[in-house]
Amino acid sequence: MGSPARRLLLAVGIGLGAWTCGGGGAVGPEQPQAVFSSLLLSPDSIGVTVGGAVQLTITPRDQNDATMTGLPAPTLTVEDPAIASISGTVVSGLAAGSTRIFATITAGAETHADTSRVVVTDAPAGGPAHPVTTVGTTFAPSSITIAVGDSVSWVISGATHNVTFNTASKPAGGDIPDTPPGTTVSRIFTGAGVYGYECTIHSGMTAQVVVQSGQTQVFTSVGLTPASASLLTGDTLSLTAVAQDQNGVPMAGLPAPNFISSNAAVAVVSPTGRVTAVSPGVDTVTASITSGGTTHAATAVITVSAPAAGATVTTPNLTFSPPTVTIQAGQTVTWQFSGATHNVTWLPGPVPTGGDIPDQTVGSTVQRSFPTAGVYTYECTRHNNMTGSVVVQSGQAQVFTSVSVTPATATLQTGGTVQLTATPLDQSGVPMTGLPAATFVSGNAAVATVSPQGLVTAVSAGTTNVTATITSGGVTQSATATIIVSAPVPGSVTVTTPNLTFSPSSVTIATGGTVTWQFSGNTHNVTFTGAAPAGGNIPDQPAGSSQSRTFTASGNFAYVCTRHNGMTGTVVVSGGGGTPVYTSLQLTPQSPLVPVGASVQLTATPLDQNGAPMTGLPAATFASADATIATVSLTGLVTGVSIGSTTVTATLTSGGFTHSAPSVVTVGTPASATITTPNLTFAPDDIGIAPGQTVLWTFSGTTHNVTFETLAPPGGNIPDTAPGTSVARSFPQVGDYKYFCSIHSNMKGRVRVK
């Protein structure tokens, strides 16, 4: 099996016949020749039902843990062909039992192999599984009806998907985690009811499984949706009433529901459930169904408000419509939410009275007032690229006062281009229309030229300013953009951002090389999740801009764009040459805090003379200086036993060299609060504790981190942490500690210390 350290370095898995190297760009002459050094077979452990299938990925790596191409095809064999078979890189379950898959590649004198465990279980009871496929970003069919004891098989295709149930009850086995295409996963449904689910990777990808008990359905209740709604006078909303049996399963063939409004002066309702808001107030609409002499009813609370002067924004097709509204200072904007759950999160700049609008269900209406002129930009953090703006005018005559040019700074390599945009602003910083077009002038055409429309082209290394000037009504205003041009560096590469991805997602350069990110399509950033180069993170950059970072130290530099879920990349920086020599051992985390009874995973990574991680070495051994305070397993899992501090030491011997690394473990009182990570959320996402108390994050499902926005406790951020691990932080000071997971930008939480 591949070691945990090796598998953490796996950036891109490659399938048989479709291998791609994560590296890109020219490599300097000092780059050492790649040597085939290891092979990774993923996943480590495979669970599949009889008749099901799972896709494997096979990754050959060089001495710097970079993906290699051009090697011979791997040889794959099954230890027990009666239990599972292999075709290409797809494993199929044949009979219940346990076996192993062996992958081997021989390239020249080098032969490397890896193994995966395969556990095959019997097909679920209830006859053939009912299939659900993934067509594009939809489940097909979106609703399926089965009997208790039957199973549903999700055939994953096209992209990675998951099945996350959003109801209190779940089938045996629970949620299906992120699953690659080419895989089939099943779940047995042993209880009647309606099981709603979604793919949390793709917004709006929802479906349901209706499970019937097989017993005679008895009319027991009415389900009415939505159960509450906020409307403005004149707005309408359709209510849906469904007859349900003793298990909450919808029933067919019953009479149509009857709808009654308790206050027709506030809202009226049609015979089909169409509600129309009449005047401000609160109304209760009752839906009743009578069948076989039995009547059941449900109610919906309708709150009606008078529209304020201003503008209304709706949310069709995962967009804000209109994307930009213009109002006067003191007026109000109303958001009417439909189609899916949305929020309004303000971007850096002015914020209206009331601040952000948290997640709102379909049918909700929320308002914000804007007392001050300016441009207010916002987004829905649940749906990529769902952005909008509110332009608030002062009510006074607009006076041309200044010019804004974007981007204000751009870094290019010779031959690169960037589009500048010049916008005239009034005395309140509000954009103006109808003014003449800007003229653009480069301060040094030998460094960069600019077209009459503002397109900058880099000519040679250096720095220059491009000035945008607008003249209107006898008034001339200007603004400048700083253009930094560098010559391509040997061994440097360029990363672009097509379709909300970093391309290529993994690049390999030599020490001293440069990576240039050319941003297009949307605003993006580069946020390093561990080691960072000189200059650190690249903050939000508008489309059309470029930024570079030079990497002077070898190692793996992982990064994300925190604005777009799943947008990740890696820079692999190789050493300055020579055969890697085992020189030191790195143990992380360095100083973990563990409550009594909790655990934290330590990771020991061997490093070469250039500080680059090494693979293929023996596993480290771990020892605790005081097992009465904390114990440590053979794999480095530390468990707190009693309050105090002890040192856990990792030791690794290879090629006659032995190196050790310590980690000081502090064991504190049991956690005052525990936060888990179900379904890509922090639960609970808002807690209150007293000063000096401890919060324990228990990670599950996938790798997460805790990144504090501003105020942070001692120990700071919790870095990327694998599932099955718990990490604690103590909070000695009063404050409001907001945090998020930078890998999953919709995961947000807050610790209130008071």
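Summary table
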item	result
Among the residues listed as Val695, Val638, Val667, Val632, the single one being in contact (Cβ under 8 Å) with a residue 40 or more places away in the chain, closer than 26 Å to Leu607 by Cα and among the β-branched types (Val, Ile, Thr)	Val638
Filter result for the condition that a residue is touching a residue at least 24 places away in the same chain (Cβ under 8 Å), surrounded by 18 or more Cβ atoms within 10 Å (Cβ to Cβ), not assigned by TED's automatic domain parsing to the domain that holds Leu602 and not basic (Lys, Arg), over His704, His659	His704
Enumeration of residues in the stretch 161-184 that are among the β-branched types (Val, Ile, Thr) and modelled with pLDDT of 85 or more	Val163, Thr164, Ile176
Those residues of the stretch 373-404 which are of a type in the set (A, V, I, L, M, F, W, C) and crowded, with 20+ Cβ neighbours inside 10 Å, in sequence order	Ala373, Cys380, Met386, Val390, Val392, Val403
Set Thr164, Thr111, Thr67, Thr145: member being of a type in the set (Val, Ile, Thr), in contact (Cβ under 8 Å) with a residue 12 or more places away in the chain and surrounded by fewer than 19 Cβ atoms within 10 Å (Cβ to Cβ)	Thr145
Residue in the stretch 17-26 that is outside any loop (DSSP other than H, G, I, E, B) and either more than 27 Å from Asp608 (Cβ to Cβ) or at pLDDT 85 or above (or both) present	no
Candidates Ser369, Ser428 - the one that is touching a Ser or Thr at 6+ places or on another chain (Cβ under 7 Å) and surrounded by fewer than 18 Cβ atoms within 10 Å (Cβ to Cβ)	Ser369
Members of the stretch 608-623 that are modelled with pLDDT of 80 or more, assigned to a strand (DSSP E or B) and crowded, with 20+ Cβ neighbours inside 10 Å	Phe622
Entirely in the stretch 370-425, the strands (runs of 3 or more DSSP E) that have 3 or more residues that are closer than 20 Å to Thr312 by Cβ	374-379, 387-393
Yes/no for Asp245 being over 30 Å from Arg368 (Cβ atoms), among the acidic types (Asp, Glu) and not assigned by TED's automatic domain parsing to the domain that holds Thr284	no
Qualifying residue in the stretch 651-664 (condition: touching a Gly at 6+ places or on another chain (Cβ under 8 Å) and at pLDDT 85 or above)	no
Residue check, Thr501 touching a residue at least 24 places away in the same chain (Cβ under 8 Å) and out of contact with any Lys or Arg (no Cβ under 8 Å at 6 or more places or on another chain)	yes
Considering residues of the stretch 585-602 that are buried (at least 18 other Cβ atoms within 10 Å of the Cβ) and among the polar types (S, T, N, Q) only, the residue farthest from the chain's Cα centre (by Cα)	Ser599
Residues (more than 27 Å from His202 (Cβ to Cβ) and of a type in the set (A, V, I, L, M, F, W, C)) located in the stretch 705-754	Phe708, Leu711, Ala712, Ile718, Val727, Ala728, Phe731, Val734, Val751, Val753
Qualifying residues in the stretch 624-647 (those that are within 18 Å of Thr694 (Cα to Cα) and of a type in the set (Gly, Ala, Ser)) - the one surrounded by the fewest Cβ atoms within 10 Å (Cβ to Cβ)	Ser642
Meets criteria (over 31 Å from the mean Cα position of the chain (by Cα) and more than 27 Å from Gly281 (Cβ to Cβ)) for Ala373	yes
Residue within the stretch 675-691 that is over 17 Å from Thr603 (Cα atoms), of a type in the set (A, V, I, L, M, F, W, C), free of Cβ contacts under 8 Å to residues at least 24 places away in the same chain and in contact with a strand residue (DSSP E or B) (Cβ under 6 Å, 6 or more places away or on another chain) present	yes
Restricting the stretch 263-289 to residues that are in a strand (DSSP E or B) and not β-branched (Val, Ile, Thr), the residue that is farthest from Ser364 (Cα to Cα)	Ser288
Options Thr605, Thr653; residue that is in contact with a helix residue (DSSP H, G or I) (Cβ under 6 Å, 6 or more places away or on another chain), under 30 Å from Thr511 (Cα atoms) and outside the structural domain of Gly196 (by TED's automatic domain parsing)	Thr605
Residues within the stretch 186-199 that are in a strand (DSSP E or B) and either within 15 Å of Ile146 (Cα to Cα) or at pLDDT below 85 (or both), tallied	7
Residues satisfying the stated conditions in the stretch 486-531, i.e. closer than 16 Å to Thr562 by Cα, of a type outside the set (Val, Ile, Thr) and either crowded, with 20+ Cβ neighbours inside 10 Å or modelled with pLDDT of 85 or more (or both)	Phe502, Trp517, Phe519, His524, Asn525, Phe528
Complete set of residues in the stretch 49-80 that are assigned to a strand (DSSP E or B), among the hydroxyl-bearing types (Ser, Thr, Tyr) and within 22 Å of Val35 (Cβ to Cβ)	Thr57, Thr59, Thr67, Thr75
Matching entry among Ala95, Ala113, Ala103, Ala109 (being at pLDDT 85 or above and outside the structural domain of Gly191 (by TED's automatic domain parsing))	Ala103
Any hit, the stretch 308-324, residues being surrounded by 17 or more Cβ atoms within 10 Å (Cβ to Cβ), of a type in the set (Gly, Ala, Ser) and in a strand (DSSP E or B)	yes
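The values are calculated or read from the model by the stated rules, or taken from the named source; none is laboratory data. Note that the structure is predicted; figures quoted are calculated from it, not measured. Every residue, glycine as well, gets a Cβ built from its backbone with ideal geometry; the counts of neighbours run over all protein chains shown.
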